[in-house]
Amino acid sequence: MSDGRRLRVAVLMGGMSAEREVSLKTGAKVVQALDPTRYEVFTVDPRPRDEGCEWLETLARAQVDVAFIALHGRFGEDGTIQGLLELLGIPYTGSGVLSSALAIHKARSKQIYRSAGIPTPESVELDSSMDPVALREWMDTFPLPAVVKPSREGSTIGITIVRSRDQMAPAVELAFRHDPSVLIERFVSGVEITGAVLGNDHPQALPLIEIVPRSGFYDYEMKYTPGATEEIVPARISPEQTEQAQNLAIQAHLALGCRGVSRTDMIVAPDGIWVLETNTIPGMTETSLLPRAAASVGISFPSLVERIIAHALE
C-alpha cells in the first residue's frame, strides 16, 4: 500500500461445493504464500445458511482491500460469490460475475467458443426437464465414444467416458445427480494439455503442460493424488502446435471475458487442437497445474499469488 500499511486480504476458501476439500487446500497454500509483513490475511469459509452467516458479517465489516477467491466449483466459481463481493464493494481476484457463470457452464462456454471460432468437440446439452422420448433418442444416437459430464461441476466430478451404448444411461444418470444440465460431447483422443493465462485486457500465456495420468483417465483421484499423474512442462508437441494452443488459451480467456487468471484444457489430436473447457479459478495445491506452469518460467508460488492480487486491483 502507498500509505505503508499492510494490504488486508480475505482468502475465501472451503465453501459448499463438491470441491470443498480441494478449495481448503488451495486457500491454505495462498495464506501460507502471503508475506505477513506486507499482507494482513484472514480466512473466510462461506457455509450454508443453516450453519449461520457469521462469515458474511465478518466479510462485510472487515474493511477488506481485496478478496482472494480460492473457492472451486459452485457458489465460488460460478459468479455467485463474485456478485456478493460486487454488492459489498470488495475487489476480488479472477473473473467477474458473467464470465464466471459462462465458464463454469460447459454447454454455455462451448457456445461462446463456437461463436468466437474456437474449435471445440461436437456436443449436445440434455436437460432433466426434457421429454423422456427426446432424452432417450439422444442417448441412443449420439456417436460413441463420448464423454458425459455435468454442465456445472469441476475436477471431473460426475464425468464418464462412454464407449458402449449400455454405458450411456448410467452415465447420464450419474451426471444428472450433480446438475440438471448434462453435456454429451464427442470423445477426442490425443495429447491432453492445459494452457494457463495471466492478465486482464492483454493476457499472457504460460508454458503448456502435458497431462499423462497413469490410469489413462485424468479423473478426480488422478488430479489430487501426488504422483498419480505425470505433468510434463513444456508439453511434448511441435512449436507450431504450442503457438496455436497458447493462442487458443488466450482466445478462450478473452472470449469468455476472463480476468486475472484462467486455465484452458485442450486435446492435441491428429485433426487439430480442440478446446474442452476453461477454468476461472485453477487449483493452487501441491499437485495443481497453474503453479507448475508458472514455476517453469521462474514465477514462484508467492509471486504468482501476488500477481493474481495485482490483477484484481488494476
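Quick rundown of the values:
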{"read-out": "Residue within segment 157-171 that is modelled with pLDDT of 95 or more, of a type in the set (D, E, K, R) and closer than 24 Å to Asn200 by Cα present", "value": "no"}
{"read-out": "Odd one out for Ser109 among (1) modelled with pLDDT of 95 or more; (2) under 19 Å from Ser151 (Cα atoms); (3) of a type outside the set (Phe, Trp, Tyr); (4) not assigned by TED's automatic domain parsing to the domain that holds Ser303", "value": "(4)"}
{"read-out": "Residue among Ser17, Ser100, Ser23 that alone is among the small types (Gly, Ala, Ser), at pLDDT 95 or above and touching a Gly at 6+ places or on another chain (Cβ under 9 Å)", "value": "Ser100"}
{"read-out": "Counted residues, segment 142-169 - those being outside any strand (DSSP E or B) and more than 23 Å from Gly73 (Cα to Cα)", "value": "11"}
{"read-out": "Complete set of residues in segment 112-153 that are among the small types (Gly, Ala, Ser), within 20 Å of the chain's Cα centre (by Cα) and modelled with pLDDT under 95", "value": "Ser151"}
{"read-out": "Long-range neighbours under 7 Å by Cβ, at least six apart or interchain, first residue within 19 Å of Thr280 (Cβ to Cβ) within segment 140-163, second in a loop (DSSP other than H, G, I, E, B) and aromatic (Phe, Trp, Tyr)", "value": "Thr156/Tyr218"}
{"read-out": "Test: residue in segment 91-98 that is within 20 Å of Thr26 (Cα to Cα) and part of a helix (DSSP H, G or I)", "value": "no"}
{"read-out": "Count of residues meeting criterion [within 17 Å of the chain's Cα centre (by Cα), among the acidic types (Asp, Glu) and farther than 30 Å from Met130 by Cβ] in segment 167-209", "value": "1"}
{"read-out": "Condition met for Glu40 (closer than 19 Å to Arg307 by Cα, modelled with pLDDT of 95 or more, of a type in the set (Asp, Glu) and not in a loop (DSSP other than H, G, I, E, B))", "value": "yes"}
{"read-out": "Pair list, Cβ under 8 Å, 6 or more apart: segment 95-106 residue touching a residue at least 40 places away in the same chain (Cβ under 8 Å), other residue of a type in the set (S, T, N, Q) and assigned to a helix (DSSP H, G or I)", "value": "Ser95/Gln82; Gly96/Gln82; Ser100/Gln82; Leu102/Ser109; Ala103/Ser109"}
{"read-out": "Residue satisfying all of: in segment 21-37; assigned to a helix (DSSP H, G or I) and without any contact (Cβ under 8 Å) to a residue 40 or more places away in the chain; farthest from Ile281 (Cα to Cα) among these", "value": "Gln32"}
{"read-out": "Phe75 at pLDDT 90 or above, aromatic (Phe, Trp, Tyr) and not assigned by TED's automatic domain parsing to the domain that holds Asp179", "value": "no"}
{"read-out": "Test for Gly83: is it at pLDDT 90 or above and crowded, with 20+ Cβ neighbours inside 10 Å", "value": "no"}
{"read-out": "Where Gln82 falls short, out of the listed (1) closer than 30 Å to Phe42 by Cβ; (2) in contact with a helix residue (DSSP H, G or I) (Cβ under 7 Å, 6 or more places away or on another chain); (3) in contact (Cβ under 8 Å) with a residue 24 or more places away in the chain", "value": "(3)"}
{"read-out": "Filter result (within 16 Å of Asp179 (Cβ to Cβ) and touching an Asp or Glu at 6+ places or on another chain (Cβ under 7 Å)) within segment 119-148", "value": "Ser123, Val147"}
{"read-out": "Test: residue in segment 70-87 that is under 17 Å from Ile281 (Cα atoms), under 25 Å from the mean Cα position of the chain (by Cα) and among the aromatic types (Phe, Trp, Tyr)", "value": "yes"}
{"read-out": "Which listed residue, of Pro282, Pro234, Pro239, Pro302, is under 14 Å from the mean Cα position of the chain (by Cα) and not assigned by TED's automatic domain parsing to the domain that holds Ser17", "value": "Pro282"}
{"read-out": "Single condition Met130 does not satisfy, out of (1) farther than 25 Å from Asp201 by Cβ; (2) in contact (Cβ under 8 Å) with a residue 24 or more places away in the chain", "value": "(2)"}
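The values are calculated or read from the model by the stated rules, or taken from the named source; none is laboratory data. Bear in mind that the values here come from a model prediction, so they are computed numbers and not experimental data. Cβ coordinates were reconstructed from backbone atoms using ideal geometry, including for glycine residues, and neighbour counts include every protein chain displayed.
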